[in-house]
1. Looking at (1) within 11 Å of HIS139 (Cα to Cα); (2) modelled with pLDDT of 90 or more; (3) in contact with a Pro (Cβ under 9 Å, 6 or more places away or on another chain), which is the only condition GLY209 fails?
2. Which of the numbered conditions does THR234 fail, given that it passes all the others? Conditions: (1) under 19 Å from LYS138 (Cβ atoms); (2) β-branched (Val, Ile, Thr); (3) at pLDDT 95 or above.
3. Which members of the range 161-185 meet the condition of being more than 24 Å from THR223 (Cβ to Cβ) and either touching a Cys at 6+ places or on another chain (Cβ under 6 Å) or part of a loop (DSSP other than H, G, I, E, B) (or both)?
4. Check ALA183 against each of (1) without any contact (Cβ under 8 Å) to a residue 12 or more places away in the chain; (2) buried (at least 20 other Cβ atoms within 10 Å of the Cβ); (3) of a type outside the set (Ser, Thr, Tyr) and name the one condition it does not meet.
5. Output the number of residues of the range 172-210 satisfying the condition of being among the small types (Gly, Ala, Ser) and either under 20 Å from LEU130 (Cα atoms) or touching a His at 6+ places or on another chain (Cβ under 8 Å) (or both).
6. Just to be sure before I move on: is THR177 under 20 Å from THR146 (Cα atoms), more than 15 Å from the chain's Cα centre (by Cα), of a type in the set (S, T, N, Q) and in the same structural domain as PHE132 (by TED's automatic domain parsing) in the structure I sent?
7. Looking only at the range 194-252, which residues are among the hydroxyl-bearing types (Ser, Thr, Tyr) and without any contact (Cβ under 8 Å) to a residue 60 or more places away in the chain?
Amino acid sequence: MTTHRHFDLHRNETGDARVSIRIVFHSRNALDPDFASTATLLGDPSRALILQALADGRALPATELARSAGITPQTASTHLARLLAGKIVRVERQGRHRYFSLTASAADLLETLASFTAAAGPREARNSNLRFARTCYKHLAGQVGTAVTQALCHRDFLHEADGRYEITRDGQNWLRTMEIDVARLRARPVTRRCLDWSERRPHLGGSLGVALRRRFIELGWLTPLREPRCLRVTPRGYRALRDVLKLDLETW
């Protein structure tokens, strides 16, 4: 394996200069996966902020992503072009407008990478909210997500096998009472075992995880907070989860 060092000069919006060093590893075997290129793609601070803005599963325009990252629209367009080429994001066109979102595989990758990352700052309130209940690419994560998943397994609605979840007959019957038709969940996989980065335990992903989060919000059990990705369990939600899933979050 060979290495090359690259020195890049950057200027921020105020004109201040910053020099960064990129070390690029080249494998001698052309069939080896190029981990370094993906790491470089994800490691840029501005691109990381763009990806954080997309982490809740929304599709956003480049102008909004530029504001989230604190960069100009032109700079954001350059970053988005690289993320598109790397299959980290995808784009949907509606008339003259383009909306960017994470690819499913990239969302899984970012959630996994987060489990190796320490908290970045002292924003205790937001960190606490994120750990308690949040969206993870549209499904439910955090303490509430892992607790609900564990309760589904304890009630024998889900069966964990070979690193994935299977919906049991009792689970299908319960989902019908929740007005969720498994047969109509078109996105694949329907269930996925997703390692939660803050709890270090799995929560339910896949299209069923998305459907449950959406249904919990429709029923008024969960409500979004103003902070991106953060959710709050309502008093009705505490009572319903205790009655329906025998899950007492107040003692969790």
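1. Looking at each condition in turn, GLY209 falls short on (3).
2. Exception for THR234: condition (1).
3. Within the range 161-185, the first condition is being more than 24 Å from THR223 (Cβ to Cβ), and the residues that meet it are 161-173, 176, 181-184.
Hits for the range 161-185 are ASP162, GLY163, THR168, ASP181.
4. Condition (2) is where ALA183 drops out.
5. Start the filter on the range 172-210 by keeping residues that are among the small types (Gly, Ala, Ser), which leaves 183, 187, 198, 205-207, 209.
Right, trim to either under 20 Å from LEU130 (Cα atoms) or touching a His at 6+ places or on another chain (Cβ under 8 Å) (or both) and you get 198, 205-206, 209.
The number of residues fulfilling the criteria is 4.
6. No, not satisfied.
7. Within the range 194-252, SER207, THR223, THR234, TYR238, THR251 meet the criteria.
Let's see how each residue does on (1) polar (S, T, N, Q); (2) within 22 Å of GLU111 (Cα to Cα); (3) modelled with pLDDT of 95 or more:
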site: VAL182; (1), (2), (3): no, no, no
site: ARG193; (1), (2), (3): no, yes, no
site: HIS203; (1), (2), (3): no, yes, no
site: GLY220; (1), (2), (3): no, no, yes
site: ARG226; (1), (2), (3): no, yes, no
site: CYS230; (1), (2), (3): no, yes, no
site: ARG239; (1), (2), (3): no, no, yes
site: ASP248; (1), (2), (3): no, no, no
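The values are calculated or read from the model by the stated rules, or taken from the named source; none is laboratory data. No experiment lies behind these values; they were computed from the predicted model shown. Reconstructed Cβ throughout: ideal geometry from the backbone, glycine too, with neighbour counts over all protein chains shown.
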